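The values are calculated or read from the model by the stated rules, or taken from the named source; none is laboratory data. Only a predicted model underlies this, so the values are computations on that prediction, with no experimental measurement involved. Cβ placement follows ideal geometry from the backbone for every residue including glycine, while neighbour counts extend to all protein chains displayed.
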Amino acid sequence: MTEMVHGTMPVYTGEPVLSRWWRTVDRWTISCVLLLVGIGLLLALASSPPLAARNHLSPFHYFQRHVVYATLSMAMMFVVSMQSPNTIRRWGVLGFVLGFGTLALLPFIGSDFGKGAVRWLSFGFTTIQPSEFVKPCLAVCGAWLLAAGQDLNGPPGKMLSLAAVLSTVFLLVLQPDFGQSVLILFGWGVMYFISGAPMVLILGLAGTAVLGGVAAYNGSEHFARRIDGFWAAEVDARSQLGYAASAIQEGGLFGLGVGEGQVKWQLPDAHTDFVIAVAAEEYGFVMVALIIALYAVICLRALSRLTRERDMFIRLAGSGLAAMISAQAMINMGVAVRLLPAKGMTLPFISQGGSSLLAMGIMVGMLLALTRSRPQGEISDHLLTRGR
């Protein structure tokens with residue numbers, strides 16, 4: 001009877017864990033991620049020697065670090081992707097509690113490294129940016145609360161989820177880190193919309209975010225300077241945006257050639273925030289189009305599999321994670337071509353940065369775990385039986 005109601009999927013008795021994982025996981029997403037990591041290694045070879053020269057280190061010092069973090073990121077992605085949705089939920093809630101506590105302590109134990117924003121924990125041999133790890137955990141925790149709120153006699157999940165998000169955003173604004181704040185609000189907004197929130201309430205929240213942006217502009221010189229630079233009629237050719245725009249134009253369709261770009265010597269953040277400018281200058285529009293296509297496939301594959309999912313928590317968490325990944329990529333590339341104000345945000349799996357790479361590995365691992373095919377059937381099976 002259960003099979004008639006919920007549909008079936010082949011289950012092989014005694015099947016090895018790796019075999020079952022490979023049969024149920026989305027291999028298209030894995031392939032796209034591996035290609036992005038490969039592109040990131042290729043661009044790290046181009047962009048890291050100038051950075052190493054400025055810091056009087058060996059030419060491939062930062063490239064070697066990037067290889068280590070990329071390897072750890074992929075290992076974490078594969079390990080997390082093998083977990084069950086219940087395990088992902090537990091890890092997400094625990095991770096959010098620990099991450100939130102760390103964000104609250106950052107003003108007292110954090111470092112800014114002369115950048116004007118206290119975002120990092122320094123351990124001497126390495127640094128960690130807690131907000132990067134809070135993002136995937138908050139998406140999972142927020143989805144759990146939203147889903148629990150829809151249960152009969154369940155908790156006020158929507159209010160608790162909103163409180164968790166706003167509290168996190170408040171701590172990020174104190175750093176200040178407006179880019180991560182916008183990204184978290186967007187991801188949570190997607191989940192809130194999918195959970196069936198009234199459109200009036202969503203518009204009200206969007207209006208509140210706009211008012212918050214106006215307040216930030218008036219109260220933060222750092223934020224106002226970036227907005228003013230974005231709205232300026234002309235871009236200073238010697239600014240980061242000016243160098244990035246020039247590099248993208250110089251690259252043309254097929255680029256100047258491997259190692260021939262000059263923007264990596266001019267931009268201090270060519271290996272992180274403006275790595276897409278290095279890709280455009282040396283490999284042209286073809287490389288940029290490939291990168292955009294890979295992110296699009298990851299997002300669309302996840303959403304396609306989630307539309308067939310019956311579990312509300314899985315649908316919400318997966319949608320939030322996919323929204324954050326794609327939005328972060330769009331923000332990074334949008335800044336480079338001056339479609340968006342400067343945000344200081346990395347390009348997933350391509351930019352250098354240990355915290356970003358490791359956190360993105362966890363995020364995609366969670367997404368892969370939530371979008372794996374499972375024996376309980378898909379939502380279409382349930383809808384068909386209800387229509388009979």
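Quick grid of which residues meet (1) outside any helix (DSSP H, G or I); (2) farther than 18 Å from E282 by Cα:
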residue	(1), (2)
S31	no, yes
L34	no, yes
G38	no, no
L41	no, no
A46	no, no
A53	no, yes
P59	yes, yes
V67	no, yes
T71	no, yes
*Kindly list the number of the only condition in (1) under 17 Å from P50 (Cβ atoms); (2) modelled with pLDDT of 80 or more; (3) not in a helix (DSSP H, G or I) that fails for K264.*
(3)
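Is there a residue in region 298-318 that is in contact (Cβ under 8 Å) with a residue 24 or more places away in the chain, at positive phi and of a type in the set (G, A, S)? Outline the logic, then answer.
Kept after step one, since they are in contact (Cβ under 8 Å) with a residue 24 or more places away in the chain, are these residues of region 298-318: 298-299, 301-302, 305-318.
Next cut, at positive phi only: none.
The answer is no, given that none of the residues of region 298-318 is in contact (Cβ under 8 Å) with a residue 24 or more places away in the chain, at positive phi and of a type in the set (G, A, S).
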*asked:* For the list (1) at pLDDT below 90; (2) not in a loop (DSSP other than H, G, I, E, B), I need the number of the one condition that L357 fails.
replied: (1)
*Could you tell me whether region 322-331 includes any residue that is assigned to a helix (DSSP H, G or I) and over 27 Å from Y192 (Cβ atoms)?*
no
*Being out of contact with any Gly (no Cβ under 9 Å at 6 or more places or on another chain), surrounded by 12 or more Cβ atoms within 10 Å (Cβ to Cβ) and at pLDDT 75 or above is the filter here, so list the residues in region 216-248 that pass it.*
G242, Y243, A244, A245, S246, I248
*Considering only region 136-222, give the helices (runs of 4 or more DSSP H) lying wholly within it that have at least 2 residues that are within 24 Å of G365 (Cα to Cα) and within 19 Å of the chain's Cα centre (by Cα).*
157-174, 178-194
*Exactly one condition in (1) modelled with pLDDT of 80 or more; (2) out of contact with any helix residue (DSSP H, G or I) (no Cβ under 7 Å at 6 or more places or on another chain); (3) surrounded by fewer than 17 Cβ atoms within 10 Å (Cβ to Cβ) is not met by G213; state its number.*
(1)
